[in-house]
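Here's the structure we're looking at; comments come further down.
The values are calculated or read from the model by the stated rules, or taken from the named source; none is laboratory data. Every value quoted in this text rests on a predicted model; they were computed, and no experiment measured them. Positions of Cβ are generated from backbone atoms using ideal geometry, with glycine treated the same way; all protein chains shown enter the neighbour counts.
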Amino acid sequence: MADLVRTVENTIREHELIKPGDFVLLGFSGGPDSLCLLHALMDLRTRMGFELAAVHINHGIRGGAAAEDAAWAVQHCRENNVSCICAESNVPAYAKKRHMTEEEAGRSVRREIFAYLAYSIATGKNIGKAPGERPEEQTGAAAVQPAGRKASADALSGSRRSSGIPVPKGGIRVALAHNMDDQAETVLMRILRGTGVRGLSGIRYSSRLDDALQRVAGGINDDELRSKAKELDISIVRPLLDVPRSDIEEYCTENQLQPRIDHTNAETDYTRNRIRLELIPAIEKDFNPSIKEALVRLAANAAEDDSALNGLAAEALESAEKVLEARMPRPEDKVFPESLNPKPLISSIELSAAALRKLEPAVFKRLIVTEFERLGLAEGISAVHLNALYSAVIKNVGGKTIEFPSGHTATLRAGTLTLK
C-alpha cells in the first residue's frame with residue numbers, strides 16, 4: 001500500500017519529525033500499528049537518510065504471552081536486518097511502589113527506558129546501569145538482541161561495539177505508532193473528563209522527553225554527561241498520526257504481515273477500550289458518521305490555541321521567575337536507580353506572586369504546568385489543583401501549600417510561590 005508510506009513520508013516532512021542523520025528508536029510491540037510503522041520506516045530510511053532500530057518492552061504483566069511477543073519481535077527484526085533492543089520491566093511492582101495505576105506506570109516506565117536508550121546512543125557512552133535494576137523494582141532493560149549479533153547487556157548502555165549502533169550525526173527520535181483513530185479516542189476521552197485547551201489538542205506530532213531525561217540524568221555518575229541532559233536533541237515523534245487504523249490493517253494484509261495481537265485491547269475494562277469499542281461506534285451510528293475526523297479537526301484547532309498560550313506563558317515567565325535553584329544530584333545521593341522516584345536536575349522554582357497575579361487565568365495555569373514539567377511532573381495535574389493554586393495566589397493566602405501529584409507542592413509565603 002504505497003499510499004500509506006507516502007502519507008507517512010509527507011507527515012515526516014511537513015512536521016520535520018525526522019531529518020537526515022537522525023537515529024530513530026521505534027517502539028515496537030509487534031501489534032498492527034508498530035509493525036506497520038516499522039516497515040514504512042524501513043522503506044523510507046535510505047531515501048530520507050536516517051538510521052533505525054526497534055525497541056520492544058516486556059512490561060511483566062502478561063507472563064508467557066509477553067515472552068513470546070518479545071521472541072517474535074527479535075526474530076522479525078533479525079529477518080528484516082533491523083537491530084532490536086529488548087527491555088524487561090516489572091510494571092506491577094513499579095505501580096505499587098509509586099501508587100499509580102498499571103497504565104500510568106507503564107507509560108512512565110516506557111518513557112524512562114526510551115530516555116535511557118536515547119541518552120546512551122546520543123552520547124555514545126556507558127551512562128551506568130539501566131533504570132531499576134533490582135528484580136522487585138525493575139523498570140529497565142535486561143537484555144539486548146541486535147539483529148544478527150549475540151545478545152549483550154552492554155549494548156543497552158550505549159556501547160557501540162556491542163550494539164553495532166554508532167553515535168548519530170543528528171538527533172535521536174523515539175518513534176511511536178499512534179494513529180488517527182488514537183487521536184480521536186484521546187480527544188473524546190479527555191472531553192469526557194472535562195479537559196481544557198491543552199487536553200483538547202490531543203496527541204502531538206512531536207513532543208519532548210524532558211521529564212524522563214531528567215530522571216535518567218539524575219543517576220549518571222559523570223558530571224559532564226549529566227549536565228548535557230538539556231542539550232541533547234532527543235524527542236518523541238508520531239509519523240502515523242495522519243493514518244487511520246483501517247489503512248494500517250489493510251497495509252498489514254497487503255504486505256502479508258502477521259502482527260501480534262494483545263487480546264486485552266478487546267476487553268472493555270479500560271476506559272479507552274470502551275470508547276473505541278462502544279462509544280465511538282454509537283456516535284457514528286446515531287449522530288455523526290465522521291466523528292473521528294471531526295475530533296481530529298478539533299485537536300488541530302486546539303493545538304493552535306495551545307501554542308499561542310504557551311508563547312504567552314513563556315513571556316510571562318521572564319518577569320515572574322525570581323530564583324531558579326538548580327541542584328545536580330551527586331553520585332552519593334543514590335537517587336537512581338536505587339529509587340523509583342529519583343530527584344530531577346531542578347529541585348525547586350521560585351516565582352513572584354505579584355507578577356503572577358497580573359496574569360490571565362489561562363496564562364497563569366499554563367505557566368504553572370510548564371514549570372512543574374521542568375521539575376519532572378509531566379502528567380496528573382488537574383483543574384482542581386490549578387484552580388486551588390490560582391485562588392490562593394489571587395487572594396494572597398500566605399503560608400498556603402497546595403498538594404500536587406507525585407509528592408510535588410506549591411507553597412505561597414512572603415510574596416513568593418515555591419514549586420517543588
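Across the range 399-411, what is the number of residues that are surrounded by 13 or more Cβ atoms within 10 Å (Cβ to Cβ) and over 31 Å from the mean Cα position of the chain (by Cα)?
1
Please count how many residues of the range 406-420 are hydroxyl-bearing (Ser, Thr, Tyr) and modelled with pLDDT under 90.
Taking the range 406-420 as the starting set, the residues that turn out to be hydroxyl-bearing (Ser, Thr, Tyr) are 406, 409, 411, 416, 418.
From what's left, modelled with pLDDT under 90: 406.
Selection size over the range 406-420: 1.
Take the range 27-84 and flag every residue that is more than 30 Å from Glu14 (Cα to Cα) and of a type in the set (Asp, Glu).
Glu68, Asp69, Glu79
Can you say whether Glu112 is of a type outside the set (Phe, Trp, Tyr), surrounded by 23 or more Cβ atoms within 10 Å (Cβ to Cβ) and modelled with pLDDT under 95, as far as the supplied structure shows? Walk me through how you get there before you give the answer.
Working: of a type outside the set (Phe, Trp, Tyr): yes; surrounded by 23 or more Cβ atoms within 10 Å (Cβ to Cβ): yes; modelled with pLDDT under 95: yes.
So Glu112 passes the test.
Within the range 95-114, track down each residue that is among the acidic types (Asp, Glu) and under 15 Å from Tyr270 (Cβ atoms). Write out each step before concluding.
Applying the first criterion (among the acidic types (Asp, Glu)) to the range 95-114 yields 102-104, 112.
Matches in the range 95-114: Glu102, Glu103, Glu104.
Restricting to the range 198-254, what's the tally of residues that are part of a loop (DSSP other than H, G, I, E, B), at pLDDT 70 or above and on the phi < 0 side of the Ramachandran plot?
Just the residues of the range 198-254 that are part of a loop (DSSP other than H, G, I, E, B), to begin with: 201-205, 209, 218-222, 228-233, 238-244.
Filter again for at pLDDT 70 or above, leaving 201-205, 209, 231-233, 238-244.
Right, trim to on the phi < 0 side of the Ramachandran plot and you get 201, 203-205, 209, 231-233, 238-244.
Number satisfying all stated conditions: 15.
Given the residues Glu9, Glu16, which is the only one that is out of contact with any Pro (no Cβ under 6 Å at 6 or more places or on another chain), in a helix (DSSP H, G or I), surrounded by fewer than 22 Cβ atoms within 10 Å (Cβ to Cβ) and at pLDDT 95 or above? Show your work before the answer.
On the way: Glu16 fails: in a helix (DSSP H, G or I).
Criteria check complete, one pass: Glu9.
Return the total of residues in the range 74-105 being among the hydrophobic types (A, V, I, L, M, F, W, C), in contact (Cβ under 8 Å) with a residue 60 or more places away in the chain, touching a Lys or Arg at 6+ places or on another chain (Cβ under 9 Å) and assigned to a helix (DSSP H, G or I).
0
Consider only pairs whose beta carbons are under 7 Å apart and that are at least six residues apart or on different chains; among these, list those whose first residue lies in the range 9-37 and is touching a residue at least 12 places away in the same chain (Cβ under 8 Å) and in the same structural domain as Arg47 (by TED's automatic domain parsing) and whose second residue is surrounded by 21 or more Cβ atoms within 10 Å (Cβ to Cβ) and hydroxyl-bearing (Ser, Thr, Tyr).
Leu26/Ser34; Gly27/Ser34; Phe28/Ser34; Cys36/Tyr251
Part of a loop (DSSP other than H, G, I, E, B), outside the structural domain of Glu103 (by TED's automatic domain parsing) and touching a helix residue (DSSP H, G or I) at 6+ places or on another chain (Cβ under 7 Å), is that true of Leu412? Don't jump to the end; show me each part of the working.
On the way: part of a loop (DSSP other than H, G, I, E, B): no; outside the structural domain of Glu103 (by TED's automatic domain parsing): yes; touching a helix residue (DSSP H, G or I) at 6+ places or on another chain (Cβ under 7 Å): yes.
No; evaluated as a whole, the condition is false for this residue.
Restricting to the range 167-195, name every residue that is among the small types (Gly, Ala, Ser), part of a loop (DSSP other than H, G, I, E, B) and either surrounded by 18 or more Cβ atoms within 10 Å (Cβ to Cβ) or in contact with a strand residue (DSSP E or B) (Cβ under 8 Å, 6 or more places away or on another chain) (or both).
Our first condition is that a residue be among the small types (Gly, Ala, Ser); within the range 167-195, this holds for 170-171, 175, 177, 184, 194.
Remaining after also requiring part of a loop (DSSP other than H, G, I, E, B): 170-171, 177, 194.
The answer is Gly170, Gly171, Ala177.
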